[in-house]
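Visitor: Starting off with a structure, shown below.
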Amino acid sequence: MVTRRDFLQTSGVGFGAVALNCLMHSDMAQAALHHRPRAKSVIWLFMEGGPSHVDLVDPKPLVNELAGKPLPSSFKEPITAMGEKGAPLLASPRKWRQYGESGLWASDWMPHIAEHMDDLAVIRSCWTDGINHSGGVCQMNTCINFAGRPSLGAWVNYGLGTMNSNLPSFVVMCDKAGKPVNGPRNWGSGFMPAAHQAVRIRGEQDEPIANLSTPEGLSPQRVNSKLELLQSWNADYATLHPQQSELEARIKSYELAFRMQAEAPEAVDLSRETATTQDMYGLNDKVTQPFGRICLLSRRLVERGVRFVQLYSGTGSKWDSHSAIETNHSARCQEMDKPVGALLKDLKQRGMLDETLVVWGGEFGRTPMSEKGNGRDHNPTGFSIWMAGGGVKGGQAIGATDELGLYAVEDRMHVRDIHASILHLLGLDNMKLTYDNKGRIERPTINEGSFNSKLLTG
C-alpha cells in the first residue's frame, strides 16, 4: 500500500514531501506558541560597528559642559577596545529636539527617523560583554560573545517555522558587498540543524538571488533530470550520514530554490514599486540607494510572509569611529536615516507595523570620552537601541545611562534581555523554547534574560 507520504516523497522529485513537511512544521510551530504574539515578523536594522548613542538618541548635556576635561573621579574608567586611559571628554556638536506628542529627544543626525519618535521605544540602558567587534556582533546575534550558538533568527525559524514555504523564513541582507565581521556565523544555526540558518540575499545587486533563474538553453526536461539525479545522490548520501545536518540543509536549499522560482523573482523585483515609493526610500540617490534597496526589499519580504529579516548598515564595521566621528557618523546617518524613516512610514501606512517588530541598534555604543582627539571608543557598558511596532508602546524611553552616558544605571537590559523581549513579542518564552543538543537542553538566552514589560506598558 502506498501512503500519502510515500507518494509525496517519490513524486515531483520529492518536492511534495517538502510542502508536507512545511505544513507539518507550521502546525507544530503554532502549537509551540507560549502566549499571544504581538508580532508576526521582525526586521532587525543592525548598525555594524557601534553607533554613538550620546550623539543620536541619549542626549547628555554634561558631556559638553565638561568637554576637554578628564573623566570625573567618581566614574570608574571602563575597559574599552583601545584602552586609551585618561582621555578627555569629547563634546557633541549635535543639535537636539523633542519630537511628537511624546517629546522624545533625537539629534539632527536622524531627522527622518525623528519624525516617528511617537512609534519608538528607545531603550537607553543596554549593555553587553563584548568589547571588540567580533565578540560584540557575535553576542548581539547569539547571546554569547564567542562562536558556536544559534543566532536569534535561527531560534525564531526553529520555534515558529515558516509563513510562506516558497520563500526563506530567515533572510539577511547587507548594504555593501563583502560581509560583516564574523561573516555567516552571525546568522548561523550553531548546534541546531543547518536548515535553520539564514539565506543571504544580495540586496546591493540587481540580481538579489543568485542562480535562481534557469540558464538560457536549458529545457525544463533537462533541468528536471538534473534535479532528479542530484536528489538521488544527496538522498543516498544522507541515508548513510544522517548526522550531517549540512547535507540535509543543502537538500532543502535546492528544494526551496525550486519553489522560490515561482514567487521569489516577483518578491525582490523593486521595479513593481511606484516611483513615489522608490523615491521615499531614497533609491534615486546614490548615497541612500544601497540601504534603501534592502529596506524596501525587507518590507516586500515581510509582506509575503518572511519571518525574520536582518539588514546590515555599514557592512564591515563601517560605523566604527575611533577617529573623525563627525565625518564617519555623518556619512553613515545620511545612508541610513531616510531609508529607515521610509520603512517605518511604509509599514505604518500599509497597516503592517502593528505586526512587524522593527529593531535598530549596533553591537555596542561609544564612549563620552575622546579617542585620537576627535573619535570615540567602544562602549559596551551603556548604549541604546530602539524598537517600534510589533505591539511595542511607542513614544517612550526605557531605562537610563548615567549623566555622561557611560554606564547603564536604570532598568539595565543585557543582550539576553533584548533577545528575550523580542522572542516574547513573537509569542515565545525564552525559557520554554528549548532544543535538545545531544542530551543537553539548550535555550536561546542560555537560561538567563527576561522580557521587559515596559515595552508594552510604558
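The values are calculated or read from the model by the stated rules, or taken from the named source; none is laboratory data. Because the structure is a prediction, the values reported are computed rather than measured. Please note: Cβ atoms are built from the backbone with ideal geometry, for glycine as well, and neighbour counts cover all protein chains shown.
Visitor: Check the range 382-396 and report whether any residue there is more than 17 Å from Trp44 (Cβ to Cβ) and out of contact with any helix residue (DSSP H, G or I) (no Cβ under 8 Å at 6 or more places or on another chain).
Guide: Start the filter on the range 382-396 by keeping residues that are more than 17 Å from Trp44 (Cβ to Cβ), which leaves 382, 393-396.
From the residues that got through so far, the ones that are out of contact with any helix residue (DSSP H, G or I) (no Cβ under 8 Å at 6 or more places or on another chain) too are none.
Checking the range 382-396: not a single residue is more than 17 Å from Trp44 (Cβ to Cβ) and out of contact with any helix residue (DSSP H, G or I) (no Cβ under 8 Å at 6 or more places or on another chain).
Visitor: What are the residues in the range 122-150 that are more than 17 Å from the chain's Cα centre (by Cα) and not polar (S, T, N, Q), if any?
Guide: Step one: list which residues in the range 122-150 are more than 17 Å from the chain's Cα centre (by Cα), which gives 124-125, 127, 129-132, 146-148.
Within the range 122-150, Arg124, Trp127, Asp129, Gly130, Ile131, Phe146, Ala147, Gly148 qualify.
Visitor: Let me ask you something else. Could you tell me how many of the residues in the range 98-140 are among the acidic types (Asp, Glu) and closer than 15 Å to Gly382 by Cβ? Quick ask: steps written out before the conclusion?
Guide: First pass over the range 98-140, keeping only residues among the acidic types (Asp, Glu): 101, 108, 115, 118-119, 129.
Now drop any that are not closer than 15 Å to Gly382 by Cβ, which leaves 129.
Number satisfying all stated conditions: 1.
Visitor: Go through the range 124-143 and give me each residue that's among the β-branched types (Val, Ile, Thr) and modelled with pLDDT under 95.
Guide: Pass one, the range 124-143, residues among the β-branched types (Val, Ile, Thr): 128, 131, 137, 142.
Of everything in the range 124-143, just one residue is among the β-branched types (Val, Ile, Thr) and modelled with pLDDT under 95, namely Ile131.
Visitor: Does Ser102 fit the bill of being of a type in the set (S, T, N, Q), touching a strand residue (DSSP E or B) at 6+ places or on another chain (Cβ under 7 Å), more than 24 Å from Val415 (Cα to Cα) and not in a helix (DSSP H, G or I)? If you could, list the steps in order and put the result at the bottom.
Guide: Details: of a type in the set (S, T, N, Q): yes; touching a strand residue (DSSP E or B) at 6+ places or on another chain (Cβ under 7 Å): yes; more than 24 Å from Val415 (Cα to Cα): yes; not in a helix (DSSP H, G or I): yes.
Taking the combined requirement at face value, the residue satisfies it.
Visitor: Further question: Report those helices (runs of 4 or more DSSP H) wholly inside the range 267-361 carrying at least 1 residues which are in contact with a Phe, Trp or Tyr (Cβ under 6 Å, 6 or more places away or on another chain).
Guide: 289-303, 325-349
Visitor: May I ask you to say which residue of Gly458, Gly375, Gly399 is within 26 Å of Asp337 (Cα to Cα) and at pLDDT below 95?
Guide: Numbers: Gly375 fails: at pLDDT below 95; Gly399 fails: at pLDDT below 95.
Testing whether each residue is within 26 Å of Asp337 (Cα to Cα) and at pLDDT below 95 leaves just Gly458.
Visitor: Does Leu247 satisfy the criteria of being of a type outside the set (Asp, Glu) and either loosely packed, with under 12 Cβ neighbours inside 10 Å or not in a loop (DSSP other than H, G, I, E, B) (or both)?
Guide: yes
Visitor: Now for a separate question. Only one of these is on the phi < 0 side of the Ramachandran plot and either free of Cβ contacts under 8 Å to residues at least 60 places away in the same chain or more than 21 Å from the chain's Cα centre (by Cα) (or both): Glu266, Glu335. Name it. If you could, list the steps in order and put the result at the bottom.
Guide: Details: Glu335 fails: either free of Cβ contacts under 8 Å to residues at least 60 places away in the same chain or more than 21 Å from the chain's Cα centre (by Cα) (or both).
Exactly one residue qualifies, and that residue is Glu266.
Visitor: In the range 106-121, which residue that is touching a Leu at 6+ places or on another chain (Cβ under 8 Å) and assigned to a helix (DSSP H, G or I) is surrounded by the fewest Cβ atoms within 10 Å (Cβ to Cβ)? Show your work before the answer.
Guide: Step one: list which residues in the range 106-121 are touching a Leu at 6+ places or on another chain (Cβ under 8 Å), which gives 106-107, 109-110, 113, 116-121.
Narrowing further to those that are assigned to a helix (DSSP H, G or I): 113, 117-119.
On the way: Ile113: 27, Met117: 26, Asp118: 15, Asp119: 23.
By that ranking, first place goes to Asp118.
Visitor: Suppose we keep only residues that are surrounded by 15 or more Cβ atoms within 10 Å (Cβ to Cβ) and among the charged types (D, E, K, R) within the range 286-317. Which one would you say is nearest to Asn157 (Cα to Cα)? Step through it out loud before you land on a result.
Guide: The first filter runs over the range 286-317 and keeps only residues surrounded by 15 or more Cβ atoms within 10 Å (Cβ to Cβ), leaving 288-317.
Narrowing further to those that are among the charged types (D, E, K, R): 293, 299-300, 303-304, 307.
Values: Arg293: 24, Arg299: 18, Arg300: 19, Glu303: 17, Arg304: 16, Arg307: 7 Å.
Result: Arg307.
Visitor: With respect to Leu89, is the statement that it is surrounded by 14 or more Cβ atoms within 10 Å (Cβ to Cβ), touching a residue at least 60 places away in the same chain (Cβ under 8 Å), closer than 11 Å to Leu404 by Cα and not small (Gly, Ala, Ser) true?
Guide: yes
Visitor: Here is a follow-up. Specify the residue that is farthest from Asp58 (Cα to Cα); the eligible residues are those in the range 122-164 that are polar (S, T, N, Q) and surrounded by fewer than 22 Cβ atoms within 10 Å (Cβ to Cβ). Steps first, answer last, please.
Guide: Let us first name the residues in the range 122-164 that are polar (S, T, N, Q), namely 125, 128, 132, 134, 139, 141-142, 145, 151, 157, 162, 164.
Still in the list and also surrounded by fewer than 22 Cβ atoms within 10 Å (Cβ to Cβ): 132, 134, 145, 162, 164.
Details: Asn132: 22, Ser134: 25, Asn145: 25, Thr162: 37, Asn164: 39 Å.
So the residue we want is Asn164.
Visitor: Count, please, the residues in the range 177-192 that happen to be surrounded by 18 or more Cβ atoms within 10 Å (Cβ to Cβ) and on the phi < 0 side of the Ramachandran plot.
Guide: 8
Visitor: Tell me, yes or no, whether the range 389-409 has at least one residue that is crowded, with 21+ Cβ neighbours inside 10 Å and under 18 Å from Val137 (Cα atoms).
Guide: no
Visitor: Can you name the condition, by its number, that Lys348 falls short on among (1) buried (at least 20 other Cβ atoms within 10 Å of the Cβ); (2) touching a residue at least 60 places away in the same chain (Cβ under 8 Å); (3) farther than 23 Å from Ile144 by Cα?
Guide: Unmet condition: (1).
Visitor: Might you check whether a residue that is surrounded by 23 or more Cβ atoms within 10 Å (Cβ to Cβ), within 24 Å of Asn164 (Cβ to Cβ) and aliphatic (A, V, I, L, M) occurs anywhere in the range 322-338?
Guide: So far as the range 322-338 goes, no, none of its residues is surrounded by 23 or more Cβ atoms within 10 Å (Cβ to Cβ), within 24 Å of Asn164 (Cβ to Cβ) and aliphatic (A, V, I, L, M).
Visitor: Oh, and also: Here's a check for you: in the range 265-279, which residue that is among the aliphatic types (A, V, I, L, M) and over 11 Å from Leu296 (Cβ atoms) is surrounded by the fewest Cβ atoms within 10 Å (Cβ to Cβ)? Quick ask: steps written out before the conclusion?
Guide: Just the residues of the range 265-279 that are among the aliphatic types (A, V, I, L, M), to begin with: 267-268, 270, 275.
Those left that are additionally over 11 Å from Leu296 (Cβ atoms): 267, 275.
Working: Ala267: 21, Ala275: 9.
That would be Ala275.
Visitor: Does Met192 satisfy being in a strand (DSSP E or B) and either of a type outside the set (Asp, Glu) or more than 17 Å from the chain's Cα centre (by Cα) (or both)?
Guide: Values: in a strand (DSSP E or B): no; either of a type outside the set (Asp, Glu) or more than 17 Å from the chain's Cα centre (by Cα) (or both): yes.
Taking the combined requirement at face value, the residue does not satisfy it.
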